[in-house]
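Novice: Please read through the structure below; I'll follow up with questions.
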Amino acid sequence: MEEKATIKKVVILGATGSIGTQTVDVIKQLEGFKVVGISFGSNIEQARKIMEDLKIDYYVSNKDVGFGKRFENTQQLLEEVVPDIVVCAIPGFEGVKATIIALQYAKRIALATKEALVCAGPFVKKVAKEKDVEIIPVDSEHSAIFQLYEPHIEKILITASGGAVRDVPLKYISDLKPSDILKHPTWSMGGRITVDSSTMVNKLFEVIEAHELFDLEYDKIEVKINRSSFIHGIVFLKDGVIKIHAGKPDMRIPIAYALTYPERKYHSSVADVSEFDLLLSDVERERYPLFFYGLDMLKRKDDLSWRIALNAADELAVNAFLSGKISFKDIETVVRKTIERIDSQNIIITSIEDVYKTDELARSYAKDFIEREVQK
């Protein structure tokens, strides 16, 4: 008599966003996985379609889809369904809070929320260790390094696309509008991360993530531009061997790997290498000043307070840019001034509560800069 296959229960936090919807696509193709709950924000039509397609009974939202059981918060949902895997795909600081909660209930976190490790990396790792929870990265670059990783590493390299500004003459960049910036050359992503690709704040986040995930010093993490996004990561080993992870730019592949690890159960067409640009190029300081400002900060002081301020200010500034309130150049101004203000406070982060308080403080500063200085 054959043993019945175990079904892994999955919760998708942020189900209607870019990563969430692509996770749904992946799970439709995989056997042995069942989505038992989701959370979503305002896209009720998309949520309803997901719940109907996957026959999901439980959800978290302030919107009522008209069927199933609605919970007020993530903790209530996770207590009800007790998932094996939680896909953390809520963008922004709300995703930090959701990740901390998910660690209390899941056996594995498929982590797409960059902010969790940027703002609260030591606390996320501490709880994961205490609860014996696996953290598998979903970011294509970190998934690549995760798949290549071995103890004898000399350094790693993660790639960037350069975003929509990579070919724009420097003198025109500050005048670019949201419609220009949202035309990402290779990836299909949400609004904020697409803007962050053009400032390369997302790559700054990923450098911090790599530091936290792989316990590497910052001088062992390199960033280069790969225009086709075909190369995702490179590991340089102590004996001179170089291991390269490459593949077509499709987020469904690292999502699937985070779900099925250590197996590969997802099927996708094999890419033709000749179709992709394999060249790596340097990141220009003049084109991506905010990225280099952040790298300089990391060299000077690696504490959580300025990293929390970075995320808070960037989140508010990008939203202000996308809504037409500030210019593209003003994003850098808001982020720099907020970090400088927080940095002057000499805040010491000793608990997750300190993380939340510092985020609130940084947001108040960023909002003030947006309203009083940038828009004057």
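Novice: For region 187-213, how many residues meet the condition of being small (Gly, Ala, Ser), more than 14 Å from Val283 (Cα to Cα) and either outside any helix (DSSP H, G or I) or open to solvent by less than 10 Å² (accessible area, probe 1.4 Å) (or both)? Walk me through it before giving the result.
Specialist: Let us first name the residues in region 187-213 that are small (Gly, Ala, Ser), namely 188, 190-191, 197-198, 210.
In the following step, the residues that additionally are more than 14 Å from Val283 (Cα to Cα) were identified as 188, 190-191, 210.
Filter again for either outside any helix (DSSP H, G or I) or open to solvent by less than 10 Å² (accessible area, probe 1.4 Å) (or both), leaving 188, 190, 210.
Matching residues across region 187-213 total 3.
Novice: Can you name the condition, by its number, that Glu141 falls short on among (1) free of Cβ contacts under 8 Å to residues at least 12 places away in the same chain; (2) under 25 Å from Ser281 (Cβ atoms)?
Specialist: Tallying (1) free of Cβ contacts under 8 Å to residues at least 12 places away in the same chain; (2) under 25 Å from Ser281 (Cβ atoms), Glu141 fails exactly one: (1).
Novice: Further question: Here is a check on your reading of the model: is Phe230 closer than 23 Å to His184 by Cβ and touching a strand residue (DSSP E or B) at 6+ places or on another chain (Cβ under 8 Å)?
Specialist: Details: closer than 23 Å to His184 by Cβ: yes; touching a strand residue (DSSP E or B) at 6+ places or on another chain (Cβ under 8 Å): yes.
Against the criterion (closer than 23 Å to His184 by Cβ and touching a strand residue (DSSP E or B) at 6+ places or on another chain (Cβ under 8 Å)), Phe230 qualifies.
Novice: Would you check if there is a residue in region 92-100 being crowded, with 18+ Cβ neighbours inside 10 Å, in contact (Cβ under 8 Å) with a residue 12 or more places away in the chain and aromatic (Phe, Trp, Tyr)?
Specialist: Yes, because at least one residue in region 92-100 is crowded, with 18+ Cβ neighbours inside 10 Å, in contact (Cβ under 8 Å) with a residue 12 or more places away in the chain and aromatic (Phe, Trp, Tyr).
Novice: Moving on. Under the condition of being under 13 Å from Ala309 (Cβ atoms) and of a type in the set (S, T, N, Q), which residue from region 347-373 is nearest to the chain's Cα centre (by Cα)?
Specialist: It comes out as Thr358.
Novice: Sticking with this one: Output the residues belonging to region 279-306 that are within 15 Å of Ile221 (Cβ to Cβ), within 20 Å of the chain's Cα centre (by Cα), part of a helix (DSSP H, G or I) and of a type outside the set (A, V, I, L, M, F, W, C).
Specialist: Once the filter is applied, which keeps residues that are within 15 Å of Ile221 (Cβ to Cβ), within 20 Å of the chain's Cα centre (by Cα), part of a helix (DSSP H, G or I) and of a type outside the set (A, V, I, L, M, F, W, C), region 279-306 yields only Gly294.
Novice: What are the residues in region 205-238 that are among the acidic types (Asp, Glu) and under 10 Å from Leu157 (Cα atoms), if any?
Specialist: At the first step, the residues of region 205-238 found to be among the acidic types (Asp, Glu) are 206, 209, 212, 215, 217, 219, 222.
Hit for region 205-238 is Glu222, nothing else.
Novice: Within region 241-300, work out how many residues are under 19 Å from Ala110 (Cβ atoms) and basic (Lys, Arg).
Specialist: 3
Novice: So, one more: For region 69-81, indicate whether the set of residues that are part of a loop (DSSP other than H, G, I, E, B), crowded, with 20+ Cβ neighbours inside 10 Å and among the polar types (S, T, N, Q) is non-empty. Working first, answer last.
Specialist: At the first step, the residues of region 69-81 found to be part of a loop (DSSP other than H, G, I, E, B) are 72-73.
So of that shortlist, the ones also crowded, with 20+ Cβ neighbours inside 10 Å come out as none.
No, because not a single residue in region 69-81 is part of a loop (DSSP other than H, G, I, E, B), crowded, with 20+ Cβ neighbours inside 10 Å and among the polar types (S, T, N, Q).
Novice: Turning to a different aspect of this structure: For region 156-198, which positions are in contact with a helix residue (DSSP H, G or I) (Cβ under 9 Å, 6 or more places away or on another chain) and β-branched (Val, Ile, Thr)?
Specialist: Ile156, Ile158, Thr159, Val165, Val168, Ile173, Ile181, Ile193, Thr194, Val195 - these are the residues of region 156-198 that are in contact with a helix residue (DSSP H, G or I) (Cβ under 9 Å, 6 or more places away or on another chain) and β-branched (Val, Ile, Thr).
Novice: While we're on this one: State whether the residues of region 293-305 include one that is of a type in the set (A, V, I, L, M, F, W, C), under 15 Å from Val118 (Cα atoms) and surrounded by 23 or more Cβ atoms within 10 Å (Cβ to Cβ).
Specialist: no
Novice: Among the listed residues Glu150, Glu141, identify the single one that is more than 28 Å from Thr21 (Cβ to Cβ) and not hydrophobic (A, V, I, L, M, F, W, C). Lay out the reasoning, then the answer.
Specialist: On the way: Glu141 fails: more than 28 Å from Thr21 (Cβ to Cβ).
Going through Glu150, Glu141 in turn, just one is more than 28 Å from Thr21 (Cβ to Cβ) and not hydrophobic (A, V, I, L, M, F, W, C): Glu150.
Novice: Continuing with the same structure: Can you confirm whether Asp180 is over 18 Å from the mean Cα position of the chain (by Cα), part of a helix (DSSP H, G or I) and touching a residue at least 12 places away in the same chain (Cβ under 8 Å)?
Specialist: Yes.
Novice: Right, here's the next one. Residue check: is Ser351 open to solvent by less than 60 Å² (accessible area, probe 1.4 Å), closer than 17 Å to Val96 by Cβ and of a type in the set (Ser, Thr, Tyr)? Walk me through it before giving the result.
Specialist: Numbers: open to solvent by less than 60 Å² (accessible area, probe 1.4 Å): yes; closer than 17 Å to Val96 by Cβ: yes; of a type in the set (Ser, Thr, Tyr): yes.
Here the answer is yes, as Ser351 does meet what is asked.
Novice: If you don't mind, there's one more thing I want to ask. Name the single residue, out of those in region 239-270 being charged (D, E, K, R) and surrounded by 11 or more Cβ atoms within 10 Å (Cβ to Cβ), that is nearest to Val138 (Cα to Cα). Reasoning before the result, please.
Specialist: Going through region 239-270, the residues charged (D, E, K, R) turn out to be 239, 243, 248, 250, 252, 263-265.
Those still in the list that are surrounded by 11 or more Cβ atoms within 10 Å (Cβ to Cβ) too: 243, 248, 250, 252, 264-265.
Numbers: Lys243: 19, Lys248: 15, Asp250: 11, Arg252: 9, Arg264: 14, Lys265: 16 Å.
The extreme case among them is Arg252.
Novice: Oh, and also: Could you look through region 229-238, keep only residues that are under 20 Å from the mean Cα position of the chain (by Cα) and of a type outside the set (Val, Ile, Thr), and pick out the one that is nearest to Asp302 (Cα to Cα)?
Specialist: Filtering region 229-238 for residues under 20 Å from the mean Cα position of the chain (by Cα) gives 229-234.
Within this subset, residues satisfying the condition of being of a type outside the set (Val, Ile, Thr) are 229-230, 232-233.
Working: Ser229: 29, Phe230: 31, His232: 25, Gly233: 23 Å.
Residue satisfying both the conditions and the ranking: Gly233.
Novice: Now a separate question. Across region 317-346, what is the total count of residues that are open to solvent by 40 Å² or more (accessible area, probe 1.4 Å) and either of a type in the set (A, V, I, L, M, F, W, C) or not in a loop (DSSP other than H, G, I, E, B) (or both)?
Specialist: So the count comes out to 8.
Novice: Let me ask something else. Would you tally the residues in region 87-140 being assigned to a helix (DSSP H, G or I), of a type in the set (S, T, N, Q) and closer than 24 Å to Asp302 by Cβ?
Specialist: 1
Novice: Also, quick follow-up: What do you reckon, is Lys220 within 20 Å of Ala144 (Cα to Cα), open to solvent by 50 Å² or more (accessible area, probe 1.4 Å) and at pLDDT 95 or above?
Specialist: Considered against the rule, which asks whether it is within 20 Å of Ala144 (Cα to Cα), open to solvent by 50 Å² or more (accessible area, probe 1.4 Å) and at pLDDT 95 or above, Lys220 comes out as yes.
Novice: Follow-up. Does Val273 meet the test of being of a type in the set (A, V, I, L, M), in contact (Cβ under 8 Å) with a residue 24 or more places away in the chain and open to solvent by 30 Å² or more (accessible area, probe 1.4 Å)?
Specialist: Details: of a type in the set (A, V, I, L, M): yes; in contact (Cβ under 8 Å) with a residue 24 or more places away in the chain: yes; open to solvent by 30 Å² or more (accessible area, probe 1.4 Å): yes.
So Val273 fits the description; yes.
The values are calculated or read from the model by the stated rules, or taken from the named source; none is laboratory data. Computed from a predicted structure; not experimentally measured. FYI the Cβ positions are ideal-geometry reconstructions off the backbone, even for glycines, and counts take in every protein chain you see. Remember, those area values only see protein heavy atoms, side chains included, never the ligands or the DNA or RNA. Shrake-Rupley method; radii C 1.70, N 1.55, O 1.52, S 1.80 Å.
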